[in-house]
Amino acid sequence: MSGVTASGERQGRVAFVGVGPGDPELLTLRAVRILGAADAIVVHETMAPLFSAHFNPAAEVIGPAGASLVTLARSGKVVARVLGGDPGLSCALTEEAKVCARSKVPFEIVPGVSSVTGVPGYAGIPLIDGKHRDAVVVDAQEGGVDWSAHAGAATLVILGAENTMGEIAKGLMVAGRSDTTPVAVTSMGTTTEQYTIDSTLAKVASDTKHLESPALLVVGDVVRWREKLSWFETKPLFGWRVLVPRTKEQAASLSDQLRSYGAVPDEVPTISVEPPRTPQQMERAIKGLVTGRYEWVIFTSTNAVRAVRERFEQYGLDARAFAGLKVAAVGEQTAAALVEFGVKPDLTPKDQQSSEGLLEVWPPYDKDLDPIDRVLLPRADIATETLVAGLTDLGWECDDVTAYRTVRAAPPPAPIREAIKGGGFDAVLFTSSSTVRNLIGIAGKPHNVTVIACIGPQTAHTAEEYGLRVDVMADKPSVGALAEALAEYGAKRRAAQVEAGDPLRKPSEMRRGARRRK
């Protein structure tokens, strides 16, 4: 993006980067590349958190009020000027790019998904269909629009409508549009706070009296498509704030699955993983693994995989050290961690993803078939004895080695604790009995409006012992099945509200004093 001047100095430049209407996943590949390479990023403070995951970690992040694009570029910096939506629909672009051109500072414009098309798309409204072939975009932010000039358009997309709704509706009706013309008003478009109100020109001013800004207005018969094409706001967990009591690393796939259902996952670690107090036992185990002491290695958690992998890296080893060994994994997540390491498990449970499930498929020791009778089991310091006892009964010798220690994590920040106890979360996912005990220990008991989802009967029993009402239980003990069960619960809950003609309200909106959408 930058070059070198004739004098040998690094030449800076400016990129006006459109980042779309709000959903970070609508960033273009070019936008991601520039944000990841920029030396300085000029962005409004309210937008920065949405896209900061793509920022160059070494970049200087500056608010628009305190930034001179020309000065930054002339100092040799690559500058990314972040603009919402598409830069071509921003007054800031024309003013700031004009200054760059006048100052002979090189610049480029990176188009983004415009709110004009992006927000209606997320609301389920095509702007053009087989019957309606023209769409007109109007900026009503400052008011004073001559609506007679636009009243004849098949479809109107009106920006900045939140402060002038009554004026817009009155102007269009005076100009000849029917008072029954369909209207859709979308607030916070493409985000998990998106909310669309279906109305008509006659009623839109009163229907949107309490709507939050920013809002985009679509006027015309194309609005009727929402009944069939609304896909975003109808997701089973749309806008639900879901507490996931696991570390970011452990929760990655689970959080992705929850997002696909429309939820907003919040990862809160309930345990901290630390090395064993004395490393000698683990060192001997790794040496035995490499020298052929074991027939099998069993991994009961992703933490165990990580602990062995870290030891391998310390000793300059890699997955090739498992050659000739048989490897077992207790469940899907553990197996996935092994595959990422370069090791494909030879054995996993068929049904129940637990020590008991693994023992059901474990072969008994046969001295004629098995040259070695020893199994390595690297695991946590608080693990149960079920697996060791079962392996012993099947004739195997088991080296039960502490690979890592688990300790209760530090309490989460005060706002998280308050949301847990005050009903700010719509659901909590419990993936083990220890997550129940530890979460309550560090943050308190979830509010009674919060949906409690448990991975299996044992976890549910622990939750009930702490006085929690269990609403959802997975049909099989896996985090994927748990997320799916919660989504099914959310879909049924939503369908019941629709059938009863009730307003669509999330669990957190059922508590006393919760803000309700009007």
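Per-structure values
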| read-out | value |
| --- | --- |
| Filter pass, residue 53 being exposed (fewer than 15 other Cβ atoms within 10 Å of the Cβ), modelled with pLDDT of 95 or more and out of contact with any strand residue (DSSP E or B) (no Cβ under 8 Å at 6 or more places or on another chain) | no |
| Residue match in the stretch 137-152 (condition: surrounded by 17 or more Cβ atoms within 10 Å (Cβ to Cβ) and at positive phi) | no |
| Hits in the stretch 414-448 (condition: touching an Asp or Glu at 6+ places or on another chain (Cβ under 8 Å) and surrounded by fewer than 18 Cβ atoms within 10 Å (Cβ to Cβ)) | 416 |
| Residue that is of a type in the set (A, V, I, L, M) and either farther than 18 Å from residue 137 by Cα or more than 32 Å from the chain's Cα centre (by Cα) (or both), where the choices are 202, 184 | 202 |
| Any hit, the stretch 437-451, residues being of a type in the set (D, E, K, R) and modelled with pLDDT under 95 | yes |
| Every residue from the stretch 60-111 that is β-branched (Val, Ile, Thr), open to solvent by less than 30 Å² (accessible area, probe 1.4 Å) and touching a residue at least 60 places away in the same chain (Cβ under 8 Å) | 78, 79, 82, 105, 110 |
| Hits in the stretch 382-413 (condition: within 28 Å of residue 272 (Cβ to Cβ) and open to solvent by 70 Å² or more (accessible area, probe 1.4 Å)) | 382, 384, 385, 408, 410, 411, 413 |
| Restricting the stretch 445-459 to residues that are assigned to a helix (DSSP H, G or I) and in contact (Cβ under 8 Å) with a residue 24 or more places away in the chain, the residue that is farthest from the chain's Cα centre (by Cα) | 458 |
| Only listed residue being more than 17 Å from residue 137 (Cβ to Cβ) and open to solvent by less than 10 Å² (accessible area, probe 1.4 Å), chosen from 161, 169 | 169 |
| Qualifying residue in the stretch 271-288 (condition: farther than 20 Å from residue 410 by Cβ, surrounded by fewer than 19 Cβ atoms within 10 Å (Cβ to Cβ), within 16 Å of the chain's Cα centre (by Cα) and of a type in the set (Lys, Arg)) | no |
| The stretch 97-125: number of residues that are touching a Pro at 6+ places or on another chain (Cβ under 9 Å), more than 30 Å from residue 235 (Cα to Cα) and part of a helix (DSSP H, G or I) | 2 |
| In the stretch 357-381, the residues that are loosely packed, with under 15 Cβ neighbours inside 10 Å and not β-branched (Val, Ile, Thr) | 360, 363, 364, 366, 367, 368, 369, 371, 381 |
| Verdict on residue 343 being in contact with a Cys (Cβ under 6 Å, 6 or more places away or on another chain), of a type outside the set (Ser, Thr, Tyr) and on the phi < 0 side of the Ramachandran plot | no |
| Lone qualifier among 155, 117 - being open to solvent by 70 Å² or more (accessible area, probe 1.4 Å) and at pLDDT 95 or above | 117 |
| Failed criterion for residue 264 (all others in (1) among the aliphatic types (A, V, I, L, M); (2) open to solvent by less than 30 Å² (accessible area, probe 1.4 Å); (3) within 25 Å of residue 438 (Cβ to Cβ) hold) | (2) |
| Any hit, the stretch 215-222, residues being open to solvent by 30 Å² or more (accessible area, probe 1.4 Å) and either under 22 Å from the mean Cα position of the chain (by Cα) or not acidic (Asp, Glu) (or both) | no |
| The lone exception for residue 303 - which of (1) touching a Phe, Trp or Tyr at 6+ places or on another chain (Cβ under 9 Å); (2) open to solvent by less than 10 Å² (accessible area, probe 1.4 Å); (3) of a type outside the set (A, V, I, L, M) it fails | (2) |
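A quick yes/no check of all residues on (1) β-branched (Val, Ile, Thr); (2) open to solvent by less than 60 Å² (accessible area, probe 1.4 Å); (3) within 30 Å of residue 358 (Cα to Cα):
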site	(1), (2), (3)
458	no, no, yes
464	no, no, yes
470	yes, yes, yes
482	no, yes, yes
491	no, yes, no
499	no, no, no
508	no, yes, no
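The values are calculated or read from the model by the stated rules, or taken from the named source; none is laboratory data. A quick note: this is a predicted structure, and the numbers were derived from the prediction, not measured. Quick reminder, even Gly has a Cβ in these numbers, built from the backbone with ideal geometry, and neighbours come from all protein chains shown. Note: areas computed on protein heavy atoms with side chains; ligands, DNA, RNA excluded. Shrake-Rupley method; radii C 1.70, N 1.55, O 1.52, S 1.80 Å.
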